[in-house]
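What follows draws every value from the coordinates through simple rules; no lab data is involved. Owing to the predicted nature of the structure, the values given are computational and were not obtained by experimental measurement. Glycine gets a Cβ as well: all are built from the backbone with ideal geometry, and neighbour counts include every protein chain shown.
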Amino acid sequence: MDFGLSEEQRLLKESVNGLLTNAYDFEQRKKYMMEKGGWSRAIWSRLAEQGLLGLPFAQNDGGFGAGAVEILIVMEALGRALVLEPYLPTVVIGGGFLCHGGSAAQKAEHIPPLIDGSKTFAFAQLEKNSRYDLNNVITSSKSKGDGWIIDGEKFVVINGETANTLIVTARTKGAQRDRCGIGVFLVPANIAGISKRGYPTQDGLRAADITFSGVEVGRDAAFGDPENGLPLIERVVDGARAALCGEAVGLMDESLKATVEYLKLRKQFGVPIGSFQSLQHRAADMFVALEQARSMSMLATMATDFDDVAERSKAIAAAKVQIGRSGKFICQQSIQLHGGIGMTMEAKIGHYFKRLTMIENTFGNADYHLRCVGEGGRVV
């Protein structure tokens, strides 16, 4: 099987890497972190100008009709640069719901402003004690007249402070863990009845806990069947997991490079510590772990297009297991090989570790997905 990039994909990779190399060094990232919501509108506009926000959308909807490989290329680059901007919640997740479940009217309303950078999204899914179970939903959505009334709480909503539109999972019928009776709703972030508490996460991003109290939305706010939204949620989240695998590979790749460079510069006993054979062996082990993660990330990318739901979820779960294990090993080695400086806020290497730790615990950690693989598909 040919894993080489096409000419168009190679140009995309060069384009996004060139943009981020020039506009996103570690010192600039600190400044972007201080802006409203914790990310830069100027950088977001540049991503829009290069067409990166429109990659997954069909040409009829104003996009470029790109696939999972193109998203992988972008996510790896975002990982290398430790990008703060809400590409995952907006383009990957928000775009995923619109592409796979949006009506013609929903696409017409939301895709153009997403592509031009004027609208961002946040996925309000996680609830207290729900852990990684997408079907564990207490937030309710009750039918009333020609609309819905949403009540409940969502936690750790990435980009929840500043998103224009929230994508909310809510139960329309059934018990807390039933797989049926879950709907997905588009909710304007400034609508009456919403309250937010924003805060920074350990990786430099920002999240919000959001309370919905009698929030009224129209009948057209629901994606598809409001009583059978879980398959759509699982499909979009699988795409997000694959994208996170790509971002993690970018983070690991850059962590390894930074560590090898440090081994060449740091001297002990009058010679670079990289000349010590034991440290060379550790760097080689890091490289092996990286290549294992890269291979599994490619598998996850291909699996997003699998028609068989069980095979798709099993392949992506297997990738998430390897990504979690490789990420933990590479970053622990990176911190240790940097010595005490690796633990400081001023050292970039520690920030890679923090972001990889957050990725490990987003939409299921390695232990959760190992159980999924062992059970032959989705954990229920």
Exercise. Give the angle, between 0 and 90 degrees and rounded to the nearest 10, that separates the Cα long axis of helix 7-23 from the longest principal axis of the Cα atoms of the chain.
Key: 80 degrees
Quiz item: For region 287-354 and region 201-216, what is the separation of their Cα centres, given in Å?
Solution: 26 Å
Quiz item: So what is the relative contact order of region 246-380, in percent, for Cα pairs below 8 Å that sit 6 or more residues apart?
Solution: 28 percent
Practice problem: Over all directions, average the projected area of the Cα convex hull of region 100-191 and note it in nm². | Solution: 6.6 nm²
Quiz item: Which distance in nm do the two modelled labels at Lys36 and Gln176 give, with both placed 7 Å along the Cα-to-Cβ direction?
Solution: 3.8 nm
Quiz item: What whole number of Å gives the distance from the Cα centroid of region 77-134 to the Cα centroid of region 180-195?
Solution: 14 Å
Practice problem: Positive end of the charge dipole of region 270-380 (Lys, Arg +1 and Asp, Glu -1 on Cβ, about the Cα centre): tell me which of Gln322, Ser295, Ser278 has its Cα farthest that way. | Solution: Ser278
Quiz item: What full-extension length gain, to one decimal in nm, is calculated for Leu265 and Arg10 as 0.36 nm per residue of separation minus the Cα-Cα distance?
Solution: 88.6 nm
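Would you please classify the overall shape of region 161-229 from the alpha carbon gyration tensor, given that a ≥ b ≥ c denote the square roots of the eigenvalues, rounded means a/c under 1.5, and beyond that prolate means a/b larger than b/c while oblate covers the rest?
Values: a/c = 2.20, a/b = 1.58, b/c = 1.39.
It comes out prolate by the Cα gyration axes.
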Quiz item: Each label point is 7 Å from the Cα along the Cα-to-Cβ direction; what then is the distance between the points at Asp220 and Asp308, in nm?
Solution: 4.0 nm
Exercise. Return the calculated 222 nm mean residue ellipticity for the chain, to the nearest 500 deg cm²/dmol, obtained by summing -39500 (n - 2.57) across DSSP H runs with n ≥ 4 and dividing by the residue count.
Key: -16000 deg cm²/dmol
Self-check item: Hydrodynamic radius by Kirkwood, which averages 1/r over all alpha carbon pairs of region 7-120, in angstrom
Solution: 14.4 Å
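Would you mind calculating the relative contact order of region 7-120 from Cα pairs under 8 angstrom and at least 6 residues apart, reporting the percent as a whole number? Could you put the intermediate results ahead of the total?
Working: 110 pairs, mean separation 35.3, N = 114.
Computed over region 7-120, the figure is 31 percent.
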Quiz item: Here are some values of Rg and Dmax of the Cα atoms in Å: [x] 20.8, 87; [y] 27.3, 112; [z] 20.9, 79. Which one was computed from this structure?
Solution: [z]
Exercise. Working from Cα positions, state the angle (0 to 90°, nearest 10) between the long axis of helix 309-338 and the longest principal axis of the chain.
Key: 40 degrees
Practice problem: Grab every C-alpha pair in region 230-374, bin the distances at 10 angstrom width from 0 up to the longest one, and report whole percents. | Solution: 12, 39, 27, 15, 6, 1, 0
Self-check item: Between 0 and 90°, nearest 10: helix 68-80 axis offset from the chain longest Cα axis
Solution: 50 degrees
Quiz prompt | the chain - percent relative contact order, Cα under 8 Å, separation 6 or more | solution = 15 percent
Quiz prompt | Spatially close lysines, pair count over region 230-374: Cα under 26 Å, gap of eight or more or interchain | solution = 15
Practice problem: Return the single residue from Gly145, Gly63, Gly342 with maximal mean-square fluctuation; model: Gaussian network over the chain, springs between Cα atoms under 10 Å. | Solution: Gly145
